[in-house]
Amino acid sequence: MKKFKKLIIAAAIIIGVVLFGYFRWQGRAQTTVQAQTSPAETGTLVVTVTASGQVSSSNNTEITTQASGVVKNVYVGNGEIVTAGQKIAELELDLDGKQRSTQAWSSYQSAKNALETAKYTQYTLRADMLGKWDSYKELSESDTYKDTNSGNRNLPEFYIPQDNWLAAEAKYKNQTAVIAQTQTALSAAWLSYQQSSATIYAPISGTVTGLSLQPGIVLLAQSTTTGSASSQKIASIKTEAPAQLSVNLSEIDVTSVQIGNPATITLDAFPGKTFAGKVISVDTIGTTTSGVTTYPAVIALDTEVEDILPNMAVSAAIITATKDNVLLVPSTSIQTQTGQSAVKVVSGGQTETVTVETGVSSDSQIEIVSGLSEGDEVVTNPALTPNGGSGQTQTRSVFGGLGGGSFRAR
């Protein structure tokens, strides 16, 4: 029985040794990964910043109205070009609509009367100013005061007519500003009346889009939480200006983006297509939401594309730098240790670690300023290839000669 137990123990030990050796061999086999290499090549490096956002509505405006009632006539259709102030539609106002329209018309008439009153006051002030100017002029040309160096000009008898004229002139000039203000108020009152009148007008010139009004449709009154009238959209007008894109830049990227940088744009709505544009604005103040700061930038398309619509999602690659005739290697080939950059180079069946000086980089490539020559085969997966996965590893110090340093320099 004891002999049988010893045989079982011995067999278990042998099996354990065999399994240990097998799994160890498997582990070495799995960690030995064939090195992937790529030659250092001279080419053009394009540095980009990526950002996402949407198409803005900067080349569109809304046609709105505060009127309510039944649509009587529609004078334009979708796709038609209109001019600012042109009639779009006409309503038969309901009671609420008539009340708002009447109040707006009354405000317009009041503003018009205020302007006429201001003009009348100006005429009166001008007559008063000219009369006092004549009195002052006659006094200043008299024998007593005609000598500008005479001490008589310092007497109250001279100052009073002079100050009366200057005060009248100041009032006249101030009235000019009053007239300008009343003219502005009149324009505002007219625009308010237009918003509530039975006729709906085009606010700007352009092409009508999104118009769904038909005779017989009822427009209900819209109001805010305070009970005041609010506008409702009935259509849009699109201008001929190319669409603009609004994208958000991160804190890291905003410092490298400049006005005029070209950009390549893609839209989810047009898979496989790219569009060209350039940066025309960067908001360097930024906005912070939930502790994250972003900086809006505006990109203008180089050409108008009719199919691009407001609020479509966009992605932009903004080109911040371009360098020609530089030595390039894949970014994945760079290793950094103690502040130095290095690559693994395969030559003659051996792998060497070479210290390099790097420059600017893109998402996939990096510039090599010194340390490599064109055609050198660099390992692109150094982290997965022990000793480069090929042959013997040598190192060379930056001071020259082979040795035990981790990097070498050329």
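The values are calculated or read from the model by the stated rules, or taken from the named source; none is laboratory data. Everything quoted here is computed from the prediction, not taken from an experiment. Cβ placement follows ideal geometry from the backbone for every residue including glycine, while neighbour counts extend to all protein chains displayed.
Can you find a residue in region 194-205 that is within 24 Å of Leu267 (Cα to Cα) and not hydroxyl-bearing (Ser, Thr, Tyr)? Scanning region 194-205 turns up no residue that is within 24 Å of Leu267 (Cα to Cα) and not hydroxyl-bearing (Ser, Thr, Tyr). Within region 102-114, residues that are assigned by TED's automatic domain parsing to the domain that holds Ala189 sit with their Cβ atoms under 6 Å from residues that are of a type outside the set (A, V, I, L, M, F, W, C) and surrounded by 15 or more Cβ atoms within 10 Å (Cβ to Cβ), at 6+ positions apart or across chains, in these pairs: Ala104/Ser192; Ala104/Tyr193; Ala104/Ser196; Trp105/Tyr193; Tyr108/Tyr193; Ala114/Thr182.
Looking at region 156-177, can you tell me whether even one residue there is part of a loop (DSSP other than H, G, I, E, B) and either of a type in the set (A, V, I, L, M) or not assigned by TED's automatic domain parsing to the domain that holds Glu116 (or both)? So that I can check it myself, show each step before the final result.
Going residue by residue through region 156-177, those that are part of a loop (DSSP other than H, G, I, E, B) are none.
No, because not a single residue in region 156-177 is part of a loop (DSSP other than H, G, I, E, B) and either of a type in the set (A, V, I, L, M) or not assigned by TED's automatic domain parsing to the domain that holds Glu116 (or both).
Of all the residues in region 331-376, those that are over 24 Å from Ile319 (Cβ atoms) and surrounded by 14 or more Cβ atoms within 10 Å (Cβ to Cβ) number 18.
The criterion of at least 2 residues that are over 26 Å from Val49 (Cβ atoms), within 39 Å of the chain's Cα centre (by Cα) and in contact (Cβ under 8 Å) with a residue 24 or more places away in the chain is met by the following strands (runs of 3 or more DSSP E) wholly inside region 303-386: 340-347. Among the numbered conditions (1) part of a loop (DSSP other than H, G, I, E, B); (2) closer than 20 Å to Asn60 by Cβ; (3) hydroxyl-bearing (Ser, Thr, Tyr), the only one that Thr284 does not meet is (2).
Determine, yes or no, whether Thr303 is closer than 28 Å to Val208 by Cβ, exposed (fewer than 14 other Cβ atoms within 10 Å of the Cβ) and not hydrophobic (A, V, I, L, M, F, W, C). Yes: the conditions hold for Thr303.
I need the full set of residues from region 129-155 which are touching a Phe, Trp or Tyr at 6+ places or on another chain (Cβ under 8 Å) and either charged (D, E, K, R) or loosely packed, with under 13 Cβ neighbours inside 10 Å (or both), in order please. Let's see the steps before the verdict.
Within region 129-155, the first condition is being touching a Phe, Trp or Tyr at 6+ places or on another chain (Cβ under 8 Å), and the residues that meet it are 129, 132-133, 135-136, 139-140, 145, 152-153.
The answer is Lys132, Arg153.
Within region 85-96, does at least one residue satisfy the condition of being touching a Gly at 6+ places or on another chain (Cβ under 9 Å), among the acidic types (Asp, Glu), under 30 Å from Val343 (Cβ atoms) and modelled with pLDDT under 95? No - not one qualifying residue is present in region 85-96. Filtered by the rule that a residue be assigned to a loop (DSSP other than H, G, I, E, B), in contact with a helix residue (DSSP H, G or I) (Cβ under 9 Å, 6 or more places away or on another chain) and not acidic (Asp, Glu), region 105-149 gives Thr144, Tyr145, Lys146, Thr148.
Might you check whether a residue that is part of a helix (DSSP H, G or I) and either surrounded by 14 or more Cβ atoms within 10 Å (Cβ to Cβ) or in contact (Cβ under 8 Å) with a residue 40 or more places away in the chain (or both) occurs anywhere in region 206-216? Don't jump to the end; show me each part of the working.
The first filter runs over region 206-216 and keeps only residues part of a helix (DSSP H, G or I), leaving none.
There is no residue in region 206-216 that is part of a helix (DSSP H, G or I) and either surrounded by 14 or more Cβ atoms within 10 Å (Cβ to Cβ) or in contact (Cβ under 8 Å) with a residue 40 or more places away in the chain (or both).
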